[in-house]
Structures are given as structure tokens and as C-alpha cells.
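Quick notes on the structure that follows.
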Amino acid sequence: MNTKYVKEFFMFSDIMMMLVLLIPLISYTLLHAFSLSVWVSFIVGMATYAMSEYMIHRFLFHMKTPTHPFLLKTIKRLHFDHHVDPTNLKLLFLPIWFSLPGFSIFTIAFYFITSNFTFTVAYLAGIIVYFMYYEWKHYIAHRPVQPRTEIGKRIKKAHLWHHFKNENYWFGVTHTAIDKTFGTYKDQKAVDKSDTARNLENRT
């Protein structure tokens with residue numbers, strides 16, 4: 001892979017801020033690396049984001065176009081405008097002002113369940129690790145980079161079908177499992193081309 005894309009990804013401001021946050025979380029987690037419960041917490045964190053990736057994309061980012069000006073402006077920045085201009089880097093990455101509050105809600109809930117600070121740190125580290133993976137896969141999907149694995153190639157194709165064929169299918173960015181579970185993964189040849197895939201705001 002051309003190193004310019006790696007640099008472009010990691011030099012983006014929101015990605016850099018997440019890395020700065022992740023380093024101490026990972027460091028603290030590794031101090032407790034011999035605890036099975038810590039690693040279970042870490043994996044649960046990763047699974048949390050893997051699940052929320054689909055749910056947030058389908059049910060929040062593809063919400064019915066709001067009429068309130070503030071809500072419309074917010075959802076346009078979060079996702080609608082990304083469909084209009086899919087290669088725009090400023091619209092490609094989730095803003096930190098959206099991600100961090102969501103992570104905080106998940107983390108607070110996990111702490112109330114476990115009442116354990118160390119497990120909670122590991123859980124949050126897992127969320128952010130998977131989030132970074134999500135951002136990387138999303139970045140790769142929209143840049144002129146060919147994934148090396150067959151799975152990676154299929155996931156990229158599915159995401160591009162979501163943008164350019166029909167916005168009502170293929171919501172997964174890092175996986176297709178939940179799409180297949182909920183019936184939103186289809187053979188693209190059997191799906192009609194949508195007139196609003198590039199403009200979610202105009203959906204009726």
C-alpha cells in the first residue's frame with residue numbers, strides 16, 4: 001500500500017486525537033494483561049462497537065430527514081453530506097464531538113454493571129480499537145486502495161454499492177454479518193438503483 005494513504009489517515013485531526021486517547025488506555029490495559037477478565041472486557045468493548053456500527057448507521061444516520069434546522073445541520077454533517085460527496089475527507093471521518101459522548105455513555109453503563117475501573121478501562125480501549133479499525137476500513141472503501149484480502153474486497157464493494165447503488169442496503173462497514181442477519185445484504189444485481197443514494201435529504 002502507498003504510504004501516503006497511511007500518513008493521510010493517521011494525520012487527520014480526529015484520528016490523531018483518538019490515538020492520543022487510546023495510548024494511555026492500552027498502556028493501562030497491558031499492565032493487567034495477565035487477567036482474563038480484562039481481556040474479556042476488551043473483547044466486549046470491540047463487540048459493542050461492531051454492533052453499534054450497523055445500528056447507528058442504519059437507524060440514526062439514515063433517519064428520516066429532520067425538519068428542525070439544528071437537527072438537519074447535525075445529521076447532514078454526520079452522514080447526509082458524506083453521501084453527497086463520498087470522497088471528501090472532512091466528511092469521511094466521524095467527528096470527535098459525536099464519537100466521544102457515545103463512547104462515554106457505553107463506558108458509564110459498563111462501569112455500573114461491573115463496578116470495576118480496570119475492566120472499564122479495558123472495555124473503553126476495546127471500543128476505541130474497533131472504532132479505529134472501522135475508520136480505517138471506511139477510509140479504504142473511499143480511497144483508491146485495493147484491499148489485499150477477498151473479504152476486504154467484498155466489504156469495500158458492498159459499501160460502495162450502499163453509496164452508489166442503493167442506500168437502503170449494505171450498512172456494514174467492517175463486516176456483513178448483521179446485514180445478512182437483518183436482510184439488508186442483497187445481491188446487488190437484484191437491487192434497483194436508488195435515485196436518492198447520493199442525496200439522502202431528498203428521500204420521501
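The table below lists the values:
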quantity: Residue-normalised accessible area of region 1-85, given per residue in Å² at a 1.4 Å probe; calculated: 59 Å²
quantity: Where region 88-204 is the region considered: accessible area per residue in Å², 1.4 Å probe; calculated: 52 Å²
quantity: Electrostatic dipole magnitude of the chain [Cβ: Lys, Arg +1; Asp, Glu -1; Cα centre; debye, to 20]; calculated: 520 debye
quantity: Karplus-derived 3J(HN,Hα), 6.51/-1.76/1.60, for each residue of region 151-158, Hz, glycine and proline x; calculated: 4, x, 5, 5, 5, 5, 4, 4
quantity: Top positive-direction residue, dipole computed over the chain with Cβ charges, set W170, Y28, N116; calculated: W170
quantity: Sites R198 and N2, calculated FRET efficiency, Cβ-Cβ separation with R0 25 Å, nearest 0.05; calculated: 0.35
quantity: Accessible surface of region 43-150 [probe 1.4 Å, protein heavy atoms]: carbon and sulfur percent; calculated: 71 percent
quantity: Over the chain: helical MRE at 222 nm, DSSP H runs n ≥ 4 each giving -39500 (n - 2.57), nearest 500; calculated: -19500 deg cm²/dmol
quantity: Anisotropy class of region 25-150 from Cα gyration tensor, a/c 1.5 cut; calculated: oblate
quantity: Residues A47 and V20, FRET efficiency given R0 of 25 Å [Cβ-Cβ distance, rounded to 0.05]; calculated: 0.55
quantity: Long-range HN-HN contacts of A197 with modeled amide H, under 5 Å; calculated: E167
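The values are calculated or read from the model by the stated rules, or taken from the named source; none is laboratory data. Note that the structure is a prediction, hence the values are computed from the model and not measured. Reconstructed Cβ throughout: ideal geometry from the backbone, glycine too, with neighbour counts over all protein chains shown. Only protein heavy atoms, including side chains, enter the accessible area calculation; ligands, DNA and RNA are left aside. Shrake-Rupley method; radii C 1.70, N 1.55, O 1.52, S 1.80 Å.
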